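First the structure, in the form of structure tokens, and then the observations on it.
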Amino acid sequence: QGNLVESWGGLVQPGGSLRLSCASSESIRRIPAIAWFRQAPGNQREWVATITRSGSTTYADSVKGRFTSARDDAANTVFLQMGGLTLDDTAVYYCSAAIGGQTVWGQGTQVTVSS
């Protein structure tokens, strides 16, 4: 079974930027789509963005225009570039994909937006 590993969360001030990465143990060319989710304390996990194998992207309304997802097939990695961060973006961010017929989740990376 493949696995996904998120990296590069951290502490950032409001208005700042971060770029998260999601590294796959499987070739991402074989994965139809990889999605980003986030979960803030006390909240349900919510979908943030999806990038398909062809590079098409979709975003939740709450992040549209501020977040961008991209992929590096050679590195088997997808990215979530986050800008214009607000306190409401504080959450644990996860990537997820269907790999080998199973839904795989990474362990998550914490993003904290605070002044």
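The values are calculated or read from the model by the stated rules, or taken from the named source; none is laboratory data. Owing to the predicted nature of the structure, the values given are computational and were not obtained by experimental measurement. Every residue, glycine among them, receives a Cβ derived from its backbone with ideal geometry; neighbour counts consider all protein chains shown. For accessibility, only protein heavy atoms count, side chains too; no ligands or nucleic acids. Shrake-Rupley method; radii C 1.70, N 1.55, O 1.52, S 1.80 Å.
How many of the residues making up the range 1-21 are within 15 Å of residue 97 (Cβ to Cβ) and in a loop (DSSP other than H, G, I, E, B)?
Count: 3.
Results for (1) out of contact with any Asp or Glu (no Cβ under 8 Å at 6 or more places or on another chain); (2) free of Cβ contacts under 8 Å to residues at least 24 places away in the same chain; (3) not hydrophobic (A, V, I, L, M, F, W, C), shown as yes or no for each residue.
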{"position": "15", "(1), (2), (3)": "yes, no, yes"}
{"position": "18", "(1), (2), (3)": "yes, no, no"}
{"position": "35", "(1), (2), (3)": "yes, no, no"}
{"position": "55", "(1), (2), (3)": "yes, yes, yes"}
{"position": "60", "(1), (2), (3)": "no, yes, no"}
{"position": "66", "(1), (2), (3)": "yes, yes, yes"}
{"position": "72", "(1), (2), (3)": "yes, yes, yes"}
{"position": "75", "(1), (2), (3)": "yes, no, no"}
{"position": "88", "(1), (2), (3)": "yes, no, yes"}
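Given the criterion touching a Leu at 6+ places or on another chain (Cβ under 8 Å), open to solvent by less than 40 Å² (accessible area, probe 1.4 Å) and under 27 Å from residue 113 (Cα atoms), identify the matching residue among 24, 17.
24
Quick one: which strands (runs of 3 or more DSSP E) lie wholly within the range 37-109 and hold at least 3 residues that are crowded, with 17+ Cβ neighbours inside 10 Å?
Because the criterion is at least 3 residues that are crowded, with 17+ Cβ neighbours inside 10 Å, the strands (runs of 3 or more DSSP E) in the range 37-109 that meet it are 46-52, 67-72, 77-82, 91-99.
For the range 24-59, what are the residues that are under 13 Å from residue 94 (Cβ atoms) and aliphatic (A, V, I, L, M)?
Answer for the range 24-59, where residues must be under 13 Å from residue 94 (Cβ atoms) and aliphatic (A, V, I, L, M): 34, 35, 40, 48, 49.
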